[in-house]
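Only the coordinates and a few stated rules stand behind these numbers; no lab work does. Source: prediction; values computed, not measured. Methodologically, a virtual Cβ is constructed for each residue, glycine included, from the backbone with ideal geometry; neighbour enumeration extends over all protein chains shown.
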Amino acid sequence: MADSVRVRFAPSPTGYMHVGGARTALFNFLFARRHGGRFLLRIEDTDRTRFQKEAMDEIFSSLEWLGLEWDEGPGREGDVGPYVQSERAELYQRHARKLLESGHAYPCFCTPERLAAMRQEQERARLPGAGGYDRHCRNIDPEVAARRMAAGEPFVTRLKVPDDRLVTFHDEIRGDIATRSELLDDLVLLKSDGLPTYHLANVVDDHFMDITHVLRGDEWISSTPRHILIYEAFGWSLPVFAHLPVILAPGGGKLSKRHGAASVTDYRNAGFLPEALVNFLALLGWAPGEDREIMNREEMIAAFELARVSAKASVFDEQKLEWMNGQYLARRDPQTLLEPVTMIWREKGWLESEAAADPDYRLAVIQLLQPRSRKITELAEQAAYFFNDPQEYEAKPARKHLRAEAAPRLRRLVEELESLTAFSATGLENLYRRLAEEMALSAGKLIHPTRLALSGVGHGPGLFELMETLGRAATLRRMRAALEWIVTGEEESPPESPDSAQKGDGQ
RNA sequence: GGCGCUAUCGUCUAGGGGUUAGGACGGGUGAUUCUCAGUCAUCAAACCGGGGUUCGAAUCCCCGUAGCGCUGCCA
């Protein structure tokens, strides 16, 4: 199985785990599974100044939450580890030395100051086609260079980029891409701190980790010719390349925290389900070709093809994500929602009552709200009246349904409800229908005032299910309170906005 | 500035020389119903511009324009 597929996701632990990164990881994962290959995780932490421990933890927890299990990587050692680049420094140094010895690279003693001045000068002169390192150290006499190195003078190792070469490679998504080598400058392979740059580490690792397909963000397209030159310098064979399109924010531009949510953690906290986020991300830049949208993991794996990945950047449409999340939320086993939703309720301090302590009660509430919520947070927030009697009534429906004429009807309902034997959804519905007929009213004239009395808002689950869940005691208590409110004529008081109960995004 | 990548409804996309240019989200309308959500039905909504190739171009080629990326001892 020497030539079976091996792909990797190689994030750098320098910040939060962006959904774009998650999508790259997902495509790698799907591709590996599709071909019965291996999905590796490699941590690219060669920039010590930008390294963040929390970022590393976030990479792990985000991938785990999304269910993107890596076959090899930190915590799951394979034959080609370690999988953290800072632990492989010696390997890169050895290979940089090889290139120095073979004449493919040379030491560069230029100071950061000189390089900055050089760049400034280039900028000023606006040299067409130039730019990049000016090869100042490329032709230092080898003897001199060796002496300076031995003397401990700091240096970096640079690749000796050949002149006048056409560097070509095939991208599985975009086709053939060609670049003239003289447009590439002599890039740094090994930094003066002894750690490799991304370019060197990436090539060396992909080679020794037997990576067969490099699927990465398209910001790497212009680096790929450099990487190819490095492969050639070592005499190594090339992996297959495929550059994935980027994910943009709605206005265009990078999706960042400024747009609200950008990281996997943000979406998790906002109440999204991992399977919904995965499904949504999969469809950003890829389409199975049939008009399918909702797909589980196995279906996505079975259908995934690189040839069907788009080359075009796509905009992250949160509304569609919400719709998709709602689809998954409605179909979720309510039992699996109990824990996350309870957590939110507990934070809100809604679980004080005896009824709320009962998991069966909470489960019933979840089932009632499930089909009318798009996010876990939204579901949780909608449940306020299941735990506390309404303190006020939504103004608009209250004006309509809690008028003076509703009072006698509510009074009658209270009487009947006190003695109703079957306090169940069907029993309640029968009662309401019967009374409506008896009183020569439409059922709505009874239903709406009751809903207001019980929930304080004009929308929500079916009234009879609501009553059954709330139970007789709470139902009667709330109806009497509403009656009191009507009688004491408080109707002018609540100047609250008609839809103040909306607006549901978790904080 | 240089180099590169990209370009179908507002958004995600299907299609790839001859199609009523299809689906989904969002929006409109209607049905169901006690409200909301859901569901179902239905409507509006697109081939960036200009040249070329061709009997015929959204599709192939070129140019332009726009967006994005790279141009670091960052990844």
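Taking every DSSP beta bridge that has both ends in chain A, the antiparallel portion is near 55%. Summary of the geometry: segment A:410-433 and segment A:369-399, compared by the centres of their Cα atoms, lie 23 Å apart.
As a ratio to 2.2 N^0.38 Å, the alpha-carbon radius of gyration for segment A:395-492 is 0.98. Annotation: amide H of A:V309 has no partner in the under-5 Å range at sequence separation 5 or more or interchain, hydrogens built in the peptide plane. Entry note, chain A: relative contact order of 12 percent, from Cα contacts under 8 Å with a spacing of 6+ residues.
In the structure displayed, which of A:K254/A:K312; A:K53/A:K254; A:K53/A:K191; A:K320/A:K375; A:K375/A:K396; A:K396/A:K445 lie more than 18 Å apart, Cα to Cα? Numbers along the way, then the final one.
On the way: A:K254/A:K312 14 Å; A:K53/A:K254 24 Å; A:K53/A:K191 22 Å; A:K320/A:K375 12 Å; A:K375/A:K396 26 Å; A:K396/A:K445 16 Å.
Violating the 18 Å Cα-Cα cut-off are A:K53/A:K254; A:K53/A:K191; A:K375/A:K396.
Highest mean packing first, where packing is the average number of other Cβ atoms within 10 Å per residue, the peptides A:454-467, A:148-161, A:411-424 line up as A:454-467, A:148-161, A:411-424. The alpha carbons of chain A occupy a box of 107, 52, 38 Å along the principal axes, longest dimension given first. For segment A:395-492, relative contact order (Cα pairs under 8 Å, six or more residues apart, normalised by length) works out to 42 percent. Its Cα gyration tensor gives segment A:89-163 an equivalent ellipsoid; the semi-axes, largest first and in whole Å, are 25, 15, 12. Using only side-chain charges placed at the Cβ, +1 for Lys and Arg and -1 for Asp and Glu, the dipole size of chain A relative to its Cα centre rounds to 740 debye.
A dipole drawn for segment A:216-349 from +1 and -1 charges on Cβ atoms has a positive end, and of A:S314, A:W345, A:L284 the residue lying farthest that way is A:W345.
Per residue and in Å³, how big is the convex hull formed by the alpha-carbon atoms of segment A:87-244?
Value for segment A:87-244: 127 Å³ per residue.
The magnitude of the dipole of segment A:180-301, with charges of +1 and -1 set on the Cβ of Lys/Arg and Asp/Glu and taken from the Cα centre, is near 460 debye. The local environment of A:G427, defined by Cβ-Cβ distances under 15 Å, has a net charge of -2 under the rule Lys, Arg +1 and Asp, Glu -1.
Charges were assigned to the Cβ only: +1 to each Lys and Arg, -1 to each Asp and Glu. The resulting dipole of segment A:101-234 about its Cα centre is roughly 440 debye. Only one residue of A:I173, A:F234, A:H136 has its Cα farthest out toward the positive end of the dipole of segment A:87-244, where Lys and Arg carry +1 and Asp and Glu -1 on Cβ, and that residue is A:H136.
Summing Lys and Arg as +1 and Asp and Glu as -1 over all other residues whose Cβ lies under 11 Å from the Cβ of A:S455 gives a net charge of 0. Rounded to whole numbers, the Karplus 3J(HN,Hα) couplings from phi for segment A:450-457 are 5, 4, 4, 4, 7, 10, x, 10 Hz, using 6.51 cos²θ - 1.76 cosθ + 1.60 with θ = phi - 60°, and x at Gly and Pro. Comparing A:S12, A:L255, A:L184 along the charge dipole axis of chain A, the residue lying farthest to the positive side is A:L184, per the Cβ-charge model.
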